[in-house]
Amino acid sequence: MRIVVVAVVVLLAVGSGVVSAHSASKLVSAADAQTVDGLLARYNGSVPGAAIAVIHNGRLAFGRTSGLANLETNTRVTERTNFRLASLTKAFTAMAVMLLIRDRRLTLDTRVVEIIPDFPAYGREIRIRHLLTHTSGLQAYEDFVPKSASHLNDGDVIKLLKRTDRLLFRPGTAFRYGDSGYAVLAIVVETVSGRPFAAFLHDRIFAPLGMRSTIAWTPGSTMRHRALGYAATSSGFRPADQSVTSTVLGDGGIYSSVRDLVAWDRALDNQKLVDARLQQLAWTPALLDDGTKTHYGFGWFIERDPRGTRLYHRGDTTGFSHFIVKYPEQKTTLIILTNRQGGADDIAAKILTLPSLRVAAR
């Protein structure tokens, strides 16, 4: 896998804004380098930008930034720029739950209604594991948001879920990816810990790992180096930074930078927060009641490819698009953060399937 890391680093080193990189590798063709340059060119200049990191053995093997974090102030993206992570947040929410499990304050089989008494009655059989693995059957809370709503929080999600009287399926019998379960998990963490979710994340995850600028953002929060989100139009880019659900924290409310995500990635590989057994459980596909294997653990999609176990997640929301792919057995991770809608996962997929990388992976 060392060869793969070098190959990725050299491919990404084409263009401007390189933070650091290993020396060149003869394994990388000029054609592949030109392809990557083309993939990233639209993030250069006075447009919403991108931050890219390749991490190996807990260290930043390569970092590249391009474009602007704020078009109005002409502020450039750097390795310290904080992007709203969208669904990349789910891995942090899952970790918060695992910390409570580690502390024996909670179990995977605890019923949600035991923690949240006013949880909808139709969900009385939903357990913590169902929320973590998207097997709860909860409907999408977004479907019940009234047009007059503004700045919803995680507690509001409980109220919205009461606007229906049924699940999509019996808990544990099917997989349906969505945001409702992770918003509920934020309330679980708050209730069990007695701390606001944002404070719990800071005290138990961000601060211990040295993630100094990472926060779960709420209106009024102070944040330096913040990227604003944008959407493309026929006449250029327009601000698209917030939506009514942007302040629901458990499913997508964390802001972070590639610099801080290096520390997060290192902590996962070295089991700094939970032990290896619990961490591996998070990286193991959940099983349905009939034994069918899903492709999701706790906050991560899970697959196998020629390199080994592949963990990944997209993060797409108003004004932002991200992708993370991690190979834990090789301690290698690729992260792409952008402050525009759409495109990050396509870039990652094309980078990881370039001929040089396919050859190096065998």
(request) Under a cut-off of 19 Å between alpha-carbon atoms, report the aspartates and glutamates in cross-link reach of residue 272, not counting same-chain residues fewer than 8 places apart. (result) 103, 203, 260, 329
(request) Would you list the membrane-span-like helices of the chain, meaning whole DSSP H runs whose alpha-carbon atoms span at least 15 Å along their axis and whose mean Kyte-Doolittle value is at least -1.0? (result) 2-12, 30-40, 90-102, 180-193, 258-270
(message) Could you tell me the center-to-center distance, by alpha carbons, between region 263-295 and region 77-141 in angstrom?
(response) 14 Å
(message) Can you tell me which lysines have their Cα less than 23 Å from the Cα of residue 147? Leave out same-chain residues fewer than eight positions away.
(response) 159, 162
(request) Under a 10 Å cutoff between Cα atoms, tell me which one of 292, 214, 317 has the largest fluctuation in the Gaussian network model of the chain. (result) 292
(request) Starting from the Cα gyration tensor of region 54-100, take the square roots of the eigenvalues, sort them a ≥ b ≥ c, and report rounded, prolate or oblate (rounded when a/c is under 1.5, otherwise prolate if a/b is larger than b/c, else oblate). (result) oblate
(request) For a footprinting-style exposure proxy, rank 266, 59 by other Cβ within 10 Å, fewest first. (result) 59, 266
(message) I need the peptides 202-210, 41-49 ranked by packing, meaning the mean over residues of other C-beta atoms within 10 angstrom, with the highest value on top.
(response) 41-49, 202-210
(request) Starting from the Cα of residue 350, draw a straight line to each of the lysines and keep only those under 22 Å, dropping any in the same chain fewer than 8 residues away. (result) 26, 326, 331
(message) With 10 angstrom as the radius, rank 298, 83, 323 by how many other C-beta atoms surround their C-beta, starting from the fewest.
(response) 323, 298, 83
(request) For the chain, with a Gaussian network of springs between Cα atoms less than 10 Å apart, report the residue from 95, 223, 211 with the top mean-square fluctuation. (result) 223
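Readers should treat all values here as calculations from the given coordinates under stated rules, not as data from a laboratory. None of the values given here were measured: they were computed from a predicted structure. Cβ atoms come from the backbone with ideal geometry, glycine included; neighbour counts cover every protein chain shown.
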